[in-house]
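J.: Here it is, the structure, as structure tokens.
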Amino acid sequence: MGRLMSRPLVCVTLSGYTVDEVLKDAAVATAAGADLVEVRLDLLWAREKEIDPSANSAEEDSNDDSRGPKYVPPELVSQPLESVDLNSTLDSLKQGIDLPVVLTCRPERQGGYYPGEEAQRIEVLSSAISSGVSWVDLELDIVAESRKPLVESAKGKTKIIASSHSDESPPSSSEILQDVEDSSDMGDIVKLCYNTSGRGDGLRLFEASWDLKETDYDYAIMGSGWGGDWTRIHAPLLGQAMVYATMEKGFHLSRQGRINASDLQTAWKLLEYD
């Protein structure tokens, strides 16, 4: 049982709220050496809310501890369902991205932005699979009667990432291990992401991954806050099958548990994981 230390797949989650923006980021990710890219289809139904510059200045002036521009995450506004031509979008993505693609349409219940009903979202995922995409992300909490047809249609042509994005802190390492074991037959890779807020949470994810490397499960475990990037940085040591990265840059990434793809590969070289 278990596996020798090997380089995980590096999946870059693409930025952008339009097809053109996504395709530009895909080209940058390809040049950076990504193994595959994730397209968040749900973000095509979102736009950044315009911010009043005067309100921003007032907030910065009132912050005595400010040592430079403060990162403010964008506030997203949902767009009408009819604003996206899904078939045209899928064709453009297929023709414009050379790397293998993970298509994801994250629901609001797991931090996504798809504005429609669940039945409509399932149709989006079905269309994604029908397009012949390499990978599709199917949340673990999709009801069985909806998930089963998607799995059947993907069989033999599209690999599945069985995912869960929790807004709660990581449970114990043994519970995480049990969750991966229980979900291992629901996809080719089990992806678990928790809300992390510091060293203790990061250590729980690290410990769970360390225990999982003695198994034959394929998994990707990470956090969405402080300490959430530890399992990404040490992914080769921990036997992770896939690591999610971004082409974004900035100190805010570590606070969000994320990491730039080029920085990730530099870290692996410095740690002699490569």
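None of the figures in this text is laboratory data; all of them are computed from the coordinates on show. Small disclaimer: the values here were computed from a predicted structure and weren't measured. Methodologically, a virtual Cβ is constructed for each residue, glycine included, from the backbone with ideal geometry; neighbour enumeration extends over all protein chains shown.
J.: Taking region 203-221, which residues are over 12 Å from residue 238 (Cβ atoms) and assigned to a helix (DSSP H, G or I)?
T.: Matches in region 203-221: 203, 204.
J.: List every residue pair whose Cβ atoms lie under 8 Å apart, where the two residues are 6 or more positions apart in sequence or sit on different chains, the first residue falls within region 244-266 and is in contact (Cβ under 8 Å) with a residue 12 or more places away in the chain and over 23 Å from residue 166 (Cα atoms), and the second residue, located anywhere, is among the β-branched types (Val, Ile, Thr) and not in a helix (DSSP H, G or I).
T.: Hits for this filter: 247/12; 261/10; 261/12; 261/246; 264/10; 264/243; 265/10.
J.: I've got another one for you. I need a count of the residues in region 221-238 that are in contact (Cβ under 8 Å) with a residue 60 or more places away in the chain and buried (at least 24 other Cβ atoms within 10 Å of the Cβ).
T.: 1
J.: Residue by residue through region 178-202, note down the ones that are acidic (Asp, Glu) and not in a helix (DSSP H, G or I).
T.: Of all residues in region 178-202, those acidic (Asp, Glu) come to 179, 181-182, 185, 188, 201.
Matches in region 178-202: 188 only.
J.: Restricting the search to region 134-177, which residues are in contact (Cβ under 8 Å) with a residue 40 or more places away in the chain and either farther than 23 Å from residue 193 by Cα or in a helix (DSSP H, G or I) (or both)?
T.: 176
J.: For region 103-120, does any single residue satisfy the condition of being in a strand (DSSP E or B), of a type outside the set (D, E, K, R), over 18 Å from residue 78 (Cα atoms) and in contact with a strand residue (DSSP E or B) (Cβ under 8 Å, 6 or more places away or on another chain)? Explain how you work it out, then say what you get.
T.: Looking only at region 103-120, we keep the residues that are in a strand (DSSP E or B), and these are 103-104.
Now drop any that are not of a type outside the set (D, E, K, R), which leaves 103-104.
From what is left, the residues that are over 18 Å from residue 78 (Cα atoms) are 103.
Add one more test, that the residue is in contact with a strand residue (DSSP E or B) (Cβ under 8 Å, 6 or more places away or on another chain), and what stays is 103.
Yes, that holds for at least one residue.
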